[in-house]
Amino acid sequence: PASEILSGLVGSEMCIRDSSGTIHDQELKLNSSFYLAVNDSLIPTGDLLEVENTPFDFVDFHKIGERIEQAGGDPIGYDHCYVIDRGEADGMVTAAVVRDPASGRVMEITTTQPGIQFYSGNFLDGTPGSGGFPQYNAFCLETQHYPDSPNQEKFPTTILKPGETYSQKTVHRFSVEP
């Protein structure tokens, strides 16, 4: 008999390492008006919080380190899933744009996924277990469904029923600005 599958597949993960020492001067823009509230263990509570006028607001470009201290956490930093603003769009939408002002490098992420996890390297400690990266020396952007979706009624489902096909798409575009 066919079984339902709880999918927790991550659409795409992109980790960026900054060779200058920290990610603080990288500029980030997220197409998101809401992020998922988390508990002390960083598990979503089921609540969506508005980003406007908070340190989680990346609707316009902000340096990652500009308000990182205000984001709180232990250790301090970002490790949150942002709800991608889709409007009426069914297909690909821009989820994030990252700029390196020093080099002019730009990365744009478009996706069909409903969320994007932004992790600012808070738990990196320079040990082999963290790839040798010191804290805030790299960050990740992961397109995905919302973490803990099977346990949160308000979140989009991650249940794949018999006969259904799981299909998501994420594209990373790289360019250089003068």
Please identify, among I84, I109, I76, the residue showing maximal mean-square fluctuation in a Gaussian network model of the chain using a 10 angstrom Cα cutoff.
I76
Would you mind checking the radius of gyration and Dmax of segment 45-130 based on alpha-carbon positions, in Å?
14.5, 45
Semi-axes in Å, largest first, for the chain (Cα gyration tensor, √(5λ)) are 27, 19, 17
When each pair of different Cα atoms in segment 95-178 is counted once in the 1/r mean, what is the Kirkwood radius in angstroms, to one decimal?
15.5 Å
In whole angstrom, how far apart do the alpha carbon centroids of segment 98-160 and segment 52-81 sit?
13 Å
Which one of Q152, Q26, Q144 has the biggest mean-square fluctuation once the chain is modelled by GNM with Cα springs under 10 Å?
Q152
Lys/Arg Cβ at +1, Asp/Glu Cβ at -1, dipole of the chain taken about the Cα centre: which of F123, I109, L30 is farthest positive-ward?
I109
For the chain, what does the accessible surface come to per residue with a 1.4 Å probe? Please give it in Å².
54 Å²
GluC sites (Glu not before Pro) within segment 120-178: which are DSSP loop residues with at most 14 other Cβ atoms inside 10 Å?
E153, E164
I need the chymotrypsin sites (Phe, Trp or Tyr not before Pro) found in segment 20-112, filtered to DSSP loop residues with at most 15 other beta carbons within 10 Å of theirs.
F61
Per GNM of the chain with C-alpha springs under 10 angstrom, the most fluctuating residue out of P156, P128, P44 is P128
Label-point gap, in nm, between S175 and F123 - each point 7 angstrom along Cα→Cβ
3.5 nm
Sorting check: for 36-42, 112-118, which peptide has the highest mean count of neighbouring beta carbons within 10 Å, and how do the rest follow?
112-118, 36-42
Counting only helical runs of four or more DSSP H residues, what would the 222 nm mean residue ellipticity of the chain come to if each run contributes -39,500 (n - 2.57) and the total is spread over all its residues?
-500 deg cm²/dmol
Let's see if you can work this out: charge +1 on each Lys and Arg Cβ, -1 on each Asp and Glu Cβ, no other charges. What is the dipole magnitude of the chain about its Cα centre, in debye to the nearest 20?
500 debye
Toward the positive end of the charge dipole of segment 88-178, about the Cα centre and with charges on Cβ (Lys, Arg +1; Asp, Glu -1), which of S175, A89, T157 goes farthest?
S175
So for R0 = 25 Å, FRET eff. of L49-D90 from the Cβ-Cβ r, to 0.05, ends up at 0.50
Carbon and sulfur %, accessible surface of segment 31-81 computed with the full protein complex present, 1.4 Å:
44 percent
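The values are calculated or read from the model by the stated rules, or taken from the named source; none is laboratory data. Worth saying up front: this structure is predicted, and the values here are computed from it rather than measured. Methodologically, a virtual Cβ is constructed for each residue, glycine included, from the backbone with ideal geometry; neighbour enumeration extends over all protein chains shown. These area figures cover heavy atoms from the full protein model, side chains too; ligands, DNA and RNA do not enter into them. Shrake-Rupley method; radii C 1.70, N 1.55, O 1.52, S 1.80 Å.
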